[in-house]
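The values are calculated or read from the model by the stated rules, or taken from the named source; none is laboratory data. For clarity, every value in this text was computed on a predicted model and none was experimentally measured. Here the Cβ positions follow ideal geometry from the backbone for every residue, glycine too, while neighbour counts run over all protein chains shown. Heavy atoms of the whole protein, side chains included, go into the accessibility calculation; ligands, DNA and RNA do not. Shrake-Rupley method; radii C 1.70, N 1.55, O 1.52, S 1.80 Å.
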Amino acid sequence: MDKPLTKNEQLKTEKPDLRGTIRETLANPEADRFSGDDEQFIKFHGIYQQDDRDKRKTGKEYSVMVRTRQTGGIVPATQYLVFDALARRFANGTLRVTSRQTFQFHGVVQRGVGPLIKSINEALSTTLATCGDVNRNVTSPTAPPTDAVTRAVEEDAFAVTTALLPRATAYHSIWVDGVQLDLGLGQAVAKAKADQANPYAPPPAEEDASGASVDPLYGKTYLPRKFKTGFAIPPNNDTDIFTNDLGFVAIAERGALVGYNLLVGGGLGSSHGNKQTFPRLADVIGYLPRADVAKVAAAVVAIHRDWGDRTDRKHARIKYVLEEKGVEWFRARLGEQLGSPLAPAKPFAFVGQGDPFGWFAQGDGRSYLGLFVETGRVKDEGEYRLMSALRVLAERFAPTFRLTPSQNLILADIRDADRPEVERVLREHGAARVFEPGLVRGRGMACPALPTCGLALAESERVFPRLLARIEDAQAEAGLAGEELVVRMTGCPNGCARPYSAEIGIIGRAPGKYNVLLGGNREGTRLARNWRESVALDDIPALLGGLLARFARERSPGQAFGDWTDRASDLWAAPAA
Ligand code: SRM
Ligand code: SF4
């Protein structure tokens, strides 16, 4: 007998416009939450219903998380100022830089969600399809486009964003047309609007014979599951391109972008104890000329739409289609979609990943500044007032904000002459730590986990800085101070801070207990594997300290920790326990 469709599939089939009763809930001053089916619909609009897990013992306190869309992490200063004001007015006073180059607002109260989303749209960003069974934010290298190849890749990232944006009309009628703008923000929003063209203007909806609006790519039931797209420019793999469902690796000839190698089938989410689920790196499918990038992106999405598993959400990502049907099968389906097969892939190689820190000349009388943002959280806390400092910098110097895929920040397009003043503002706000994090903290990532994430099994963001400091100490004791080490932590095996593509991955299993993964590499081309299971948080530094000391003694010249652990066969002799 055929397996039944998942509940989410039934919902999408019954109510393809994804409106539910969202508008009614917004209009009801008594409602403190979205409920029932609306909890699923709001995800397509970039919203997650959450509750503060620290307070559960005394009753659930609801709020929502809202995620924006920022292709390539680009945020104009005027738009940033609107986000800053919104975070302070309607959310918890912080902005979270995510591992996919977007901003998240946490703790948004019910009465604030309407004006917040309306203002984000008025400031020419959007929250449309930043969650849900659709293509999410398109990632792209973060350094400002100071050369022709980077500029061209950035353009293509926007072209693919537009090609893969759903054309659902509900979003705009609910959040943009149906909501009153918060008047206090009128001036800031007007400035943001005047500053740029709208990069996320929805493509026009199409109608079927009955006059109902249909989405030509997603149809009525969208995708079986989330879908993620990224771009990378070798030799830097800062977007961790092999972890995406769909990846484009730039191929340049004589300083010009000529096309892309296509990667399909990456994804990291898995569930403890469920062998049907696993992290996977993408396969290299072939080469396409630059002009075909949007067409090929839509064709890959269509294959996921038609072949992904709609009977089991844990098995519904395109990575399982690739794993089970194989690369040759995929190439043949893609050839059918496009009318001809792709050419063979061209050679490419990555040498590392990670963000630039400090000042860099753009070559046009302007500079960019790479800033370390601890666990991606832009906030004011005690003497450390990064949130206020960034507001002052946005107002005075109007830099372009570029969010990185490692949860850091680049301030670009700053006049060379303004460098000292920019530095002074940051130092005056107690934010000196943003300048030189070193190659352990600067490469580290942690997901939000508790108290906001409903899926967290253990802490992550809140314990990560202290844990990393202790790992740094252990590294120094082993005589390795200052060496690069990629450590990433998550509160569950979903993999939001990409621990499976780190040299050391630390993954929550239960409160205070973590699996430790080793063997990934800095290039992001090899997955880390489970080394020890259910280790107490406090025991992790000593466990890693022993390994680092051995690594310092035994490694070959220049060998990286991840490469050493991958090859030290005795480390893997005993089963993970
Ligand atoms: Fe994620 C679900 C946070 C990047 C795999 N992710 C969630 C939710 C929404 C929890 C939920 O469903 O209720 C988390 C919200 C927590 C909170 O309080 O903010 C959440 N994911 C994040 C962010 C904010 C982590 C971060 O440290 O920055 C990232 C937002 C990205 C963005 O701006 O779009 C984020 N999530 C990722 C990544 C990394 C990436 O895409 O590069 C992954 C692994 C790659 C992948 O998709 O396979 C990832 N998130 C997941 C999964 C597992 C999906 C799967 O195939 O099994 C879930 C759970 C789910 O979808 O059911 C999830
Ligand atoms: Fe939540 Fe797990 Fe993602 Fe962390 S990895 S944000 S705990 S879903």
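Which entries in the list LYS60/LYS379; LYS57/LYS275; LYS275/LYS295; LYS118/LYS314; LYS55/LYS275; LYS118/LYS220 go over 27 Å, if you measure between the two C-alpha atoms of each? Going by Cα-Cα distance, LYS57/LYS275; LYS275/LYS295; LYS118/LYS314; LYS55/LYS275 fall outside the 27 Å limit. Between ALA398 and LYS513, the contour length at 0.36 nm per residue exceeds the alpha carbon distance by 37.0 nm. Scanning residues 5 or more positions from TYR287 or on other chains, those with amide H under 5 Å from its amide H are LEU262, ALA343, ALA345, with H placed 1.01 Å from N in the peptide plane.
Against the criterion of solvent-accessible heavy-atom surface with a 1.4 angstrom probe, TRP564, TRP307 sort, most first, into TRP307, TRP564. Restricting the calculation to Cα atoms, every distinct pair contributes to the Kirkwood radius of region 166-284, found to be 18.6 Å. Built from the Cα atoms of region 68-132, the convex hull projects on average onto 4.1 nm², one quarter of its surface area. Proximity of backbone amide H atoms, modeled 1.01 Å from N, is registered between ARG532 and VAL516 at under 5 Å, excluding neighbours fewer than 5 places apart on the same chain. Positive-end ranking of PRO235, ALA212, GLY273 along the dipole of region 207-306, with charges on Cβ about the Cα centre, is headed by GLY273.
Estimated at 0.36 nm per residue, the fully extended path between LEU571 and TYR62 surpasses their Cα-Cα distance by 178.7 nm.
Averaged over its residues, region 246-320 has an accessible area of 35 Å² per residue, based on protein heavy atoms and a 1.4 Å probe. Over region 501-550, all Cα pairs binned in 10 Å intervals from 0 give whole-percent P(r) values of 28, 52, 20, 0, listed from short to long. Please work out whether region 212-334 counts as rounded, prolate or oblate from its C-alpha gyration tensor, where a ≥ b ≥ c are the square roots of the eigenvalues and a/c under 1.5 means rounded, while otherwise a/b larger than b/c means prolate and anything else oblate? Cα axes put region 212-334 in the oblate bin.
How big is D, in µm² s⁻¹, for region 445-536 by Stokes-Einstein at 20 °C and 1.002 mPa s if Rh is the Kirkwood radius over C-alpha pairs? Please report the intermediate quantities before stating the final value.
On the way: Rh = 13.1 Å.
Roughly 164 µm²/s, to the nearest whole number.
Rounded to the nearest 0.05, the FRET efficiency derived from the C-beta distance between ARG529 and VAL109 at R0 = 30 Å is 0.10.
Starting from region 345-415, pick out the GluC sites (Glu not before Pro) whose DSSP state is loop and whose Cβ has at most 10 other Cβ atoms within 10 Å.
GLU383
Couplings 3J(HN,Hα) of region 430-439, computed from phi: x, 10, 4, 5, 6, 7, 10, x, x, 9 Hz, in residue order, whole Hz [Karplus 6.51 cos²θ - 1.76 cosθ + 1.60, θ = phi - 60°; x for Gly and Pro]. To the nearest Å, what is the center-to-center distance of region 253-287 and region 413-492, using C-alpha atoms only? Centre-to-centre (Cα) distance: 27 Å.
How many percent of DSSP beta bridges within region 447-577 run antiparallel, rounded to 5? Provide the component values of the computation, followed by the final result.
Details: 11 of 15 bridges.
Given both bridge residues lie in region 447-577, the antiparallel proportion sits at roughly 75 percent.
Using a ≥ b ≥ c from the Cα gyration tensor of region 291-377 (square roots of the eigenvalues), is it rounded, prolate or oblate, where a/c under 1.5 gives rounded and otherwise the larger of a/b and b/c decides, a/b for prolate? It comes out prolate by the Cα gyration axes.
Listed by chain and number, the aspartates and glutamates whose C-alpha is less than 14 Å from the C-alpha of LYS325, apart from same-chain residues fewer than 8 away, are ASP283, ASP306, ASP309.
Before anything else, pin down the relative contact order of region 267-335: Cα pairs under 8 Å, at least 6 apart, normalised by residue count, whole percent. Each step should come with its number before you reach the end.
Details: 45 pairs, mean separation 20.2, N = 69.
Relative contact order of region 267-335: 29 percent.
For region 27-35, putting each phi into the Karplus relation 6.51 cos²θ - 1.76 cosθ + 1.60 with θ = phi - 60° gives couplings of 7, 8, x, 7, 6, 9, 6, 8, 9 Hz, in residue order, rounded to whole numbers and with x for Gly and Pro.
Taken over the alpha carbons of region 1-70 as equal point scatterers, the Debye sum produces base-10 log I(q)/I(0) values at 0.11 Å⁻¹ of -0.36.
Loop only by DSSP, 13 or fewer other Cβ within 10 Å of the Cβ. Give me the GluC sites (Glu not before Pro) in region 1-82 that pass, ordered by residue number.
Values: sites: GLU9, GLU14, GLU24, GLU30, GLU39, GLU61; in loops: GLU30, GLU61.
Here the sparse-neighbourhood loop sites are GLU30.
Split the accessible area of the chain by element, probe 1.4 Å, and carbon with sulfur accounts for 50%. Residues whose amide H lies under 5 Å from that of ALA497, counting only those 5 or more places away or on a different chain, are CYS447; hydrogens are built 1.01 Å from N in the peptide plane. Under the rule a/c < 1.5 gives rounded, and otherwise a/b versus b/c splits prolate from oblate, where does region 181-250 land using the Cα gyration tensor? Here region 181-250 falls in the oblate category.
In this structure region 364-422 gives 34 Å² per residue of accessible area when probed at 1.4 Å with all protein chains present. A simple spin-label model places the labels of ASP195 and GLU383 3.1 nm from each other, with each point 7 Å out along Cα-to-Cβ.
For region 27-150, the Kirkwood estimate of the hydrodynamic radius, built from every pair of different alpha carbons, is 15.4 Å.
In this structure, ALA476 and PHE360 have a Cβ-Cβ separation that, at R0 = 25 Å, corresponds to a calculated FRET efficiency of about 0.35. Left without a cysteine partner by the 4.7 Å Cβ rule in the chain: CYS131, CYS453, CYS492. The Cα-based radius of gyration and maximum Cα-Cα distance (Dmax) for the chain are 23.0, 73 Å. Placing dummy labels 7 Å off each Cα toward the beta-carbon, the span from ASP416 to THR162 is 3.5 nm. With both residues required to sit in the chain, DSSP beta bridges show an antiparallel share near 80%. Averaging over all projection directions, the Cα-based convex hull of region 103-219 occupies 9.3 nm² in the image plane.
The alpha carbon centroids of region 47-79 and region 495-559 are separated by 29 Å. Ranking SER569, SER460, SER534 from most to least accessible surface, computed with a 1.4 Å probe over the protein chains only, gives SER569, SER534, SER460.
In summary, the convex hull built on the alpha carbon positions of region 273-329 has an orientation-averaged projected area of 4.6 nm².
Other residues with beta-carbon under 15 Å from the beta-carbon of ASP563 carry, at +1 per Lys or Arg and -1 per Asp or Glu, a net charge of 0.
Computed 3J(HN,Hα) for region 49-57, one whole-Hz value per residue from the Karplus formula 6.51 cos²θ - 1.76 cosθ + 1.60 where θ = phi - 60°, is 6, 9, 9, 6, 6, 5, 9, 4, 4, glycine and proline marked x.
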